[in-house]
Amino acid sequence: MKKTVITKLSLILAIVMMLALASCNEKDPWADAIHTVDTELGVGAKTVTVDVRVKEHIVTFTIHTDAESLGEALLENGLIEGEDSQYGMYIKRVNGILADYDIDGSYWGFYRYDREYMMSGVDTTAISDGDHFQLVYEK
């Protein structure tokens, strides 16, 4: 009887410790952000707005550019990093914040401002003056 109680208590303690450890390892993605407040960048004839959303925190970037694509505008202002794939640019960092599906199942979702999921990548999305997009950290 005593051995059964000790075994059950040990199991409960192990579960509690695993949950505590898991919650301690959850890093705030904003800790790596370059900009943590709304920011205006660039020079050019077009003005494009991009909201970067991680959880409930949003930073809005107002980008002035002459670029033809959103990807080009984001790259020239140092807001994204990624790698080329067969489908276009796979964004891994936005504003310094890493989202890597291979590491933890996270990725950057690309939306129009109305939360319509974009069916093109940032590198192939043409921009016009006044466009508004969102890059959302998804997990």
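Can you spot a residue in the range 76-84 that is at pLDDT below 95, over 16 Å from V52 (Cβ atoms) and assigned to a loop (DSSP other than H, G, I, E, B)? Looking for residues that are at pLDDT below 95, over 16 Å from V52 (Cβ atoms) and assigned to a loop (DSSP other than H, G, I, E, B), one finds none in the range 76-84, hence no.
Might you check whether a residue that is part of a helix (DSSP H, G or I), within 15 Å of the chain's Cα centre (by Cα) and either modelled with pLDDT of 95 or more or not β-branched (V, I, T) (or both) occurs anywhere in the range 125-138? Looking through the range 125-138, none of the residues is part of a helix (DSSP H, G or I), within 15 Å of the chain's Cα centre (by Cα) and either modelled with pLDDT of 95 or more or not β-branched (V, I, T) (or both). Selection of first residues in the range 95-114 that are hydroxyl-bearing (S, T, Y) and of second residues that are surrounded by fewer than 17 Cβ atoms within 10 Å (Cβ to Cβ) and not in a loop (DSSP other than H, G, I, E, B), restricted to Cβ pairs under 6 Å at least 6 apart or on distinct chains, gives the following pairs, ordered by first then second residue: Y107/Y101; Y107/E138; Y111/Y117; Y113/H132.
Checked against the criteria, D104 counts as at pLDDT below 95, within 26 Å of K27 (Cβ to Cβ) and exposed (fewer than 14 other Cβ atoms within 10 Å of the Cβ). Scanning the range 76-89 for residues that are under 15 Å from the mean Cα position of the chain (by Cα) and buried (at least 16 other Cβ atoms within 10 Å of the Cβ) gives L79, I80, G82, M89. Of the residues making up the range 105-124, those that are under 14 Å from K55 (Cβ atoms) and outside any loop (DSSP other than H, G, I, E, B) number 2. The residue that is nearest to the chain's Cα centre (by Cα), counting only those in the range 36-60 that are outside any strand (DSSP E or B) and over 25 Å from A126 (Cα atoms), is K55. Being closer than 15 Å to T49 by Cβ, surrounded by 13 or more Cβ atoms within 10 Å (Cβ to Cβ), in contact with an Asp or Glu (Cβ under 8 Å, 6 or more places away or on another chain) and of a type in the set (F, W, Y) is a description that applies to F133.
Taking the criterion of being farther than 18 Å from K139 by Cα and in contact with an Asp or Glu (Cβ under 9 Å, 6 or more places away or on another chain), the residues of the range 78-121 that qualify are D84, G88, M89, R112, Y113.
The values are calculated or read from the model by the stated rules, or taken from the named source; none is laboratory data. These numbers come from a predicted model, not from an experiment. Methodologically, a virtual Cβ is constructed for each residue, glycine included, from the backbone with ideal geometry; neighbour enumeration extends over all protein chains shown.
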